[in-house]
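First comes the structure, then the notes that go with it.
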Amino acid sequence: MRTYFGGGRRPIQVCAFCFYILEVTKTFLKMDKLKIVTELKKYFKVQELVDRLTYQRWGESAWNFLDGRLLEVILVLRRDVLKVPLVCNDWLYGGKNEQRGLRTNLSPLVKQKTDKNVLYLSQHNMGCAVDLVSAKMTAEEMRKLIVKNANKLPCKLRVEADVNWLHIDVMDDITKKDKVYFFKA
Ligand SMILES: [Zn+2]
């Protein structure tokens, strides 16, 4: 028996033959975004992935501004790989963090760049990145576990190296061959 990780689906035990067939057909078995969001809501409120202004304007529809690949990666990391509570934005709970998920034209980090006429193509601006921390694990421990479990991820993942938070994004750099690859900001 082998453990099959079908992207955002729950892991299942299958025989070696079924494992092979499932791996081959994986690309045709993609979870749709609604299923991913429904599953992910067990672990995150949308307020944790967008800022206050976005939530005030769009409410639950704010899920639509977040890339489906990113949401599936967060689900798989939380449920199947890291298996510890992860914190993104905490403004909803009285914290100061609002820019760890989606960033808008009014997010200070973005606005400051615009005001200075500086180009800023952060994946956060595209709904393709999150910064996560955990009380149970350091960022370095999380990065090591992610590399070790790269086969469980539904797509290629870009990870920021040498920072004390976990930045992940789904930029999908065509020059990179590794499923999980690193960059320095
Ligand atoms: Zn980041």
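Where in region 19-133 are there helices (runs of 4 or more DSSP H), lying fully within it, with 3 or more residues that are within 16 Å of the ligand (Cβ to nearest atom) and closer than 13 Å to residue 168 by Cα?
In region 19-133, the matching helices (runs of 4 or more DSSP H) lie at 68-76.
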Check: How many residues does region 161-185 contain that are in a strand (DSSP E or B) and surrounded by fewer than 19 Cβ atoms within 10 Å (Cβ to Cβ)?
Finding: 4
Check: Which one is nearest to residue 111 (Cα to Cα) among residues in region 11-65 that are free of Cβ contacts under 8 Å to residues at least 12 places away in the same chain and polar (S, T, N, Q)?
Finding: 56
Next item on the list: Take residue 118 and decide whether it is surrounded by fewer than 14 Cβ atoms within 10 Å (Cβ to Cβ) and among the β-branched types (Val, Ile, Thr).
Entry: yes
Next item on the list: Could you check, for region 146-166, whether at least one of its residues is in contact with a Cys (Cβ under 6 Å, 6 or more places away or on another chain) and touching a residue at least 40 places away in the same chain (Cβ under 8 Å)?
Entry: no
Next item on the list: Please list, ordered by first then second residue, the pairs with beta carbon atoms under 9 Å, 6 or more apart or interchain, first in region 111-135 and within 17 Å of residue 183 (Cα to Cα) and in the same structural domain as residue 87 (by TED's automatic domain parsing), second within 16 Å of the ligand (Cβ to nearest atom) and of a type in the set (Phe, Trp, Tyr).
Entry: 131/165; 132/165
Notebook entry, point to check: Looking at (1) over 19 Å from residue 53 (Cα atoms); (2) more than 16 Å from the chain's Cα centre (by Cα); (3) not in a helix (DSSP H, G or I), which is the one condition that is false for residue 140?
Noted result: (3)
Check: In this structure, does residue 145 turn out to be modelled with pLDDT of 95 or more, part of a helix (DSSP H, G or I) and of a type in the set (A, V, I, L, M)?
Finding: yes
Note to self: I'm trying to understand the selection: among the residues of region 71-103, which are β-branched (Val, Ile, Thr), more than 15 Å from residue 45 (Cα to Cα) and surrounded by fewer than 20 Cβ atoms within 10 Å (Cβ to Cβ)?
What the structure shows: 81, 84
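The values are calculated or read from the model by the stated rules, or taken from the named source; none is laboratory data. It should be emphasised that the depicted structure is a prediction, and the values quoted were computed from it without experimental measurement. Note: ideal-geometry Cβ built from the backbone for every residue, glycine included; neighbour counts use all protein chains shown.
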